[in-house]
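Let me begin by presenting the structure, written as structure tokens, before commenting on it.
All of the numbers you see were taken from the coordinates with simple rules; none came from a lab. Remember, it's a predicted structure, so these values are computed and weren't measured experimentally. Cβ coordinates were reconstructed from backbone atoms using ideal geometry, including for glycine residues, and neighbour counts include every protein chain displayed.
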Amino acid sequence: MSLERYRYLVVEGPIGVGKTSLTHRLAERMNADTLLENADDNPFLPRFYQEPRRYALATQLHFLFDRTRQLRELAQGDLFHAGTVSDFLIDKDMLFARLNLDDDEFELYQKVYNDLAPQAPTPDLVIYLQAPLDILQARVNRRGIEFERGMDAGYLQRLANSYSEFFHRYDAAPLLIVNTANLNFAESDADFELLVERIGKLRGPREFFSRAA
């Protein structure tokens with residue numbers, strides 16, 4: 001099934017849901033470039049998981065500056081030359097900020113965000129990946145990133161809920177909501193092909209995709 005009509009595609013979802021793995025597979029299928037959030041390059045992120053209150057603002061600002069730079073480069077480049085698949089949507093930065101910052105820090109973060117005014121082309125499609133908490137935890141543990149191993153289950157659940165609320169209201173681009181409870185795009189070629197087929201058949205502004213156990 002052809003994906004040629006999608007030149008800028010974004011994959012989103014909470015930690016551990018598999019968005020970066022799917023981003024790489026879609027980019028390979030589309031012969032497109034990837035735009036990744038580079039969590040490994042954020043020096044504050046490991047410290048955030050150890051002391052969330054102390055390092056939340058620094059972690060968020062580092063991500064904001066890095067994502068803004070990437071999006072500026074994307075906007076200045078030839079987006080339509082090869083196409084782009086990204087594993088982050090800049091709109092969701094406020095989701096993390098509201099979840100992790102106290103009121104004074106959030107007010108400061110909003111001022112910085114508004115001054116930067118990060119801009120990105122509107123995606124041709126956003127794929128929002130969902131999974132229940134136990135599956136998110138299992139996938140986080142399986143990928144073996146040391147500083148994520150002690151992630152609080154309550155935080156992961158609040159994050160998943162925040163994503164759900166965000167995308168319940170999201171209407172800036174066509175949206176495909178994918179329940180990955182019984183789908184594993186990183187390890188199953190069959191599951192990936194099912195998704196590609198579903199993407200190729202999309203017609204409405206908001207659609208859902210899942211598979212029964």
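Each residue in R149, R143 was given a count of other beta-carbon atoms within 10 angstrom of its own, and listing them fewest first yields R149, R143. Helical content of the chain, expressed as a calculated mean residue ellipticity at 222 nm, amounts to -16000 deg cm²/dmol (DSSP H runs of 4 or more residues, -39,500 (n - 2.57) each, divided by residue number, nearest 500).
Calculated over the chain, the projected area of the Cα convex hull averaged across directions stands at 11.5 nm². For the stretch 8-209, a crude dipole built from +1 on the beta carbon of Lys and Arg and -1 on the beta carbon of Asp and Glu, taken about the Cα centre, is about 280 debye to the nearest 20.
Across the stretch 8-209, the mean sequence separation of Cα contacts (distance under 8 Å, 6 or more residues apart), normalised by length, yields a relative contact order of 30 percent. Listed from fewest to most Cβ neighbours within 10 Å, the set V112, V17 follows the order V112, V17. The charge dipole of the stretch 55-170, taken about its Cα centre with unit charges on the Cβ atoms of Lys, Arg (+1), Asp and Glu (-1) only, comes to about 360 debye. Spin-label pair A58-Q76: with each label point 7 Å from Cα along the Cα-Cβ axis, the two points sit 2.8 nm from one another.
Taking a ≥ b ≥ c as the square roots of the eigenvalues of the Cα gyration tensor of the stretch 105-187, is the shape rounded (a/c under 1.5), prolate (a/b larger than b/c) or oblate? Because a/c hits 1.5 or more and a/b fails to exceed b/c, the stretch 105-187 counts as oblate. Ranking F185, F106, T84 by how far each Cα lies toward the positive end of the dipole of the chain (charges on Cβ) leaves F185 at the top.
Look at where the Cα atoms of the stretch 110-145 and of the stretch 42-79 average out, and the two centres are 12 Å apart.
Magnitude of the charge dipole for the stretch 87-138, about its Cα centre and with charges confined to Cβ atoms of Lys, Arg (+1) and Asp, Glu (-1), is about 180 debye. For S188 and N141, the FRET efficiency from 1/(1 + (r/R0)^6), where r spans their Cβ atoms and R0 equals 22 Å, is about 0.70.
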